[in-house]
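Chemist: Here it is, the structure, as structure tokens.
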Amino acid sequence: NTIGAYKRIVDGTSDIGLLAKPSQEQLDYAASKGVELKMVPIGYEAFVFLVNTNNPIESLTTDEVRGIYTGKYNNWKEFCNFNREILPIQRASNSGSQTTFLNFMKDDKDNTISKSLNRFGSPIGYSFRFYVEEVIRNGKVKAIGLNGVQPTKENIINKTYPIVSTIYAVYSSKNTNPNTTKVIDWIKSGLGQTIIDECGYVKL
């Protein structure tokens with residue numbers, strides 16, 4: 001996971017991580033060890049919001065999502081024909097998706113709320129498209145659109161989907177393995193980028 005991966009890179013027990021941007025805490029940890037994190041873009045990804053497939057909502061605006069996470073909206077009936085309490089769920093601190101979420105919330109990040117699942121309602125959560133579609137493949141959840149645009153590879157490429165994140169190959173400035181940069185150069189090559197694309201990410 002992102003939290004463990006950044007620690008292993010800084011501590012020198014892993015050579016490369018394929019990761020989203022680090023949190024400020026992860027940057028501070030690297031600095032405390034005298035490490036500069038080298039970050040090389042290798043592809044693109046969509047940050048998506050997830051609901052249960054029984055929820056009829058298909059798209060929200062980015063402002064509506066921020067309103068859900070600050071408590072402005074509390075019931076799905078404010079957006080669609082679904083009278084259920086909204087349960088906004090957050091991820092663990094310093095996870096890649098949580099860092100991206102807080103960047104998305106901007107000035108509202110200090111006002112976000114997170115509700116327990118131990119109550120009646122219908123949740124909304126978030127993750128990266130690749131993790132949802134290629135890793136988990138859970139048919140009980142769906143990614144919704146933002147501003148009327150669905151998080152497809154085509155909409156990542158044409159930049160119409162509002163939250164596109166860069167995926168990086170990350171390594172430590174203290175890394176002495178001569179193969180580290182060779183592997184990263186290969187990931188950026190034509191064949192490497194084809195594999196990035198075939199795996200489900202969007203190539204550079």
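Chemist: Given the structure, is T176 in a loop (DSSP other than H, G, I, E, B) and among the β-branched types (V, I, T)?
Modeler: Numbers: in a loop (DSSP other than H, G, I, E, B): yes; among the β-branched types (V, I, T): yes.
Here the answer is yes, as T176 does meet what is asked.
Chemist: Which pairs do you get when a residue that is under 17 Å from L102 (Cα atoms), found in region 19-36, comes within reach of a residue that is part of a loop (DSSP other than H, G, I, E, B) and open to solvent by less than 70 Å² (accessible area, probe 1.4 Å), reach meaning Cβ atoms under 8 angstrom, with the pair 6+ apart or on two chains?
Modeler: S23/N94; E25/N94; Q26/N94
Chemist: So, of the residues in region 80-134 that are in contact with a Ser or Thr (Cβ under 6 Å, 6 or more places away or on another chain) and more than 25 Å from E45 (Cβ to Cβ), which turns out to be modelled with the lowest pLDDT?
Modeler: If we take residues in region 80-134 being in contact with a Ser or Thr (Cβ under 6 Å, 6 or more places away or on another chain) and more than 25 Å from E45 (Cβ to Cβ), then N111 is modelled with the lowest pLDDT.
Chemist: Exactly one of these conditions fails for N177: (1) of a type outside the set (S, T, Y); (2) open to solvent by 70 Å² or more (accessible area, probe 1.4 Å); (3) more than 23 Å from P56 (Cα to Cα). Give me its number.
Modeler: Unmet for N177, out of (1) of a type outside the set (S, T, Y); (2) open to solvent by 70 Å² or more (accessible area, probe 1.4 Å); (3) more than 23 Å from P56 (Cα to Cα): (2).
Chemist: Would you confirm whether any residue within region 32-43 is among the small types (G, A, S), out of contact with any Asp or Glu (no Cβ under 8 Å at 6 or more places or on another chain) and open to solvent by 70 Å² or more (accessible area, probe 1.4 Å)?
Modeler: yes
Chemist: Suppose we filter region 121-137 for residues that are among the polar types (S, T, N, Q) and either in a helix (DSSP H, G or I) or closer than 27 Å to P22 by Cβ (or both); how many remain? Give the derivation first.
Modeler: Restricting attention to region 121-137, the residues satisfying the condition of being among the polar types (S, T, N, Q) are 122, 127.
From what is left, the residues that are either in a helix (DSSP H, G or I) or closer than 27 Å to P22 by Cβ (or both) are 127.
Selection size over region 121-137: 1.
Chemist: Among the candidates I57, I113, I42, I16, single out the residue that is under 16 Å from T166 (Cβ atoms) and more than 16 Å from the chain's Cα centre (by Cα). Full working, then the answer.
Modeler: Values: I57 fails: under 16 Å from T166 (Cβ atoms); I113 fails: under 16 Å from T166 (Cβ atoms); I42 fails: more than 16 Å from the chain's Cα centre (by Cα).
From the options I57, I113, I42, I16, the qualifying one is I16.
Chemist: Now a separate question. Going through K182, K174 one at a time, which residue ends up being farther than 23 Å from E198 by Cα and more than 15 Å from the chain's Cα centre (by Cα)? Walk me through how you get there before you give the answer.
Modeler: Values: K182 fails: farther than 23 Å from E198 by Cα.
Answer to the check: K174.
Chemist: Something else about it: Could you run through region 95-124 and say how many residues are polar (S, T, N, Q) and either under 15 Å from L50 (Cα atoms) or open to solvent by less than 30 Å² (accessible area, probe 1.4 Å) (or both)?
Modeler: Start the filter on region 95-124 by keeping residues that are polar (S, T, N, Q), which leaves 95, 97-100, 103, 111-112, 114, 116, 118, 122.
Subsequent filtering for residues that are either under 15 Å from L50 (Cα atoms) or open to solvent by less than 30 Å² (accessible area, probe 1.4 Å) (or both) retains 95, 97-100, 114, 122.
Within region 95-124, residues that are polar (S, T, N, Q) and either under 15 Å from L50 (Cα atoms) or open to solvent by less than 30 Å² (accessible area, probe 1.4 Å) (or both) number 7.
Chemist: What pairs come out if I take residues in region 188-204 that are closer than 19 Å to V170 by Cα and pair them with residues that are surrounded by fewer than 18 Cβ atoms within 10 Å (Cβ to Cβ) and aliphatic (A, V, I, L, M) whose C-beta lies under 7 Å away, six or more apart or interchain?
Modeler: Close Cβ pairs (under 7 Å, with a partner that is surrounded by fewer than 18 Cβ atoms within 10 Å (Cβ to Cβ) and aliphatic (A, V, I, L, M)) amount to Q193/L204; V202/I157.
The values are calculated or read from the model by the stated rules, or taken from the named source; none is laboratory data. Bear in mind that the values here come from a model prediction, so they are computed numbers and not experimental data. FYI the Cβ positions are ideal-geometry reconstructions off the backbone, even for glycines, and counts take in every protein chain you see. We work out accessible area using only protein heavy atoms, side chains counted, and drop any ligands, DNA or RNA first. Shrake-Rupley method; radii C 1.70, N 1.55, O 1.52, S 1.80 Å.
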